[in-house]
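All remarks here apply to the structure that follows.
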Amino acid sequence: MTTVRADRQAADEDPRKLRSRTRLLDAATTLLAEGGVDAVTIDAVTKLANVARATLYRHFDSGTELVAAAFARLLPSVPALSGEGDLRAQLLELLTNQAKAIESAPVQVTAMCWLGLGPDLTGYSSAAALTERQPEMRSLRQMIIEQYRDAFDRVLRTPEAIEELGEYDYDVALAQLVGPLVLTKLATLTPLGESACAQIVDDFLAARRA
């Protein structure tokens with residue numbers, strides 16, 4: 001069992017450790033929300049939380065782990081799909097929900113960019129690839145996967161969808177569908193409404209069916 005896992009279990013059992021972890025996360029999320037990733041330094045977090053550096057390192061192996069935990073706290077959940085309608089209707093519902101979530105919660109885009117460019121992730125393509133000593137990074141990446149890829153899996157990986165769309169590069173398909181939503185936010189363009197999402201879905205389906 002790793003030190004991190006042992007400390008986390010102890011924090012669950014010891015109210016004092018739970019309080020110190022909570023104060024550290026409160027401070028980290030406040031700094032992240034107000035000043036971005038660069039504001040979440042070990043010194044700034046420990047000062048705001050009034051917690052010793054040694055205590056912080058009993059809960060988090062590194063500053064990267066602390067930032068990941070703060071991001072995970074700030075990420076809102078994406079509405080569940082109704083599961084109603086044909087493939088087009090389900091894709092449109094999914095894409096519209098994702099567009100609204102990205103527009104209302106830019107921290108999602110920031111978290112994705114940070115995961116893609118940040119330390120400790122070079123060469124990793126899944127949450128399972130992260131080591132046991134990166135539980136917060138693993139948790140954050142899993143949250144992103146569940147909110148994005150898993151949602152599309154539930155729509156595009158059904159037998160009906162596979163029969164209708166045939167064989168194709170799934171990663172490219174996700175980029176075609178989600179890419180415009182993220183790019184719109186990053187480029188500070190006009191948010192995509194339902195009509196724009198419908199156009200993205202129709203173009204994707206038309207290309208696949210052709």
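Only the coordinates and a few stated rules stand behind these numbers; no lab work does. Here the structure is a predicted model, which is why all the values come from computation and not from measurement. Cβ sites come from the backbone with ideal geometry, for glycine too, and all protein chains shown count toward neighbours.
Give me the lysines in straight-line cross-link reach of LYS17: C-alpha distance below 18 Å, same-chain residues under 8 apart excluded.
Cross-link targets: LYS47.
What per residue convex hull volume, in Å³, do the alpha-carbon atoms of the stretch 63-107 yield? Let's see the in-between values first.
Values: hull volume 3.5 nm³, N = 45.
So the per-residue hull volume is 77 Å³.
If eta is 1.306 mPa s and T is 10 °C, what Stokes-Einstein diffusion coefficient results for the stretch 129-210, Kirkwood Rh from Cα pairs, in µm²/s? Could you put the intermediate results ahead of the total?
Working: Rh = 14.7 Å.
Here the translational diffusion coefficient equals 108 µm²/s.
Within the stretch 142-178, which residues have the backbone N less than 17 Å from the label spot 7 Å out from ASP203 along Cα→beta-carbon, could you tell me?
172-178
Where a Cα-Cα gap under 15 Å defines reach, which aspartates and glutamates qualify for LYS185, not counting those fewer than 8 residues away within the same chain?
The qualifying aspartates and glutamates are GLU103.
Could you calculate the contour length gain from GLU84 to ASP171, that is, 0.36 nm times the residue separation minus the distance between their Cα atoms, to one decimal place in nm?
My answer for the length gained is 28.9 nm.
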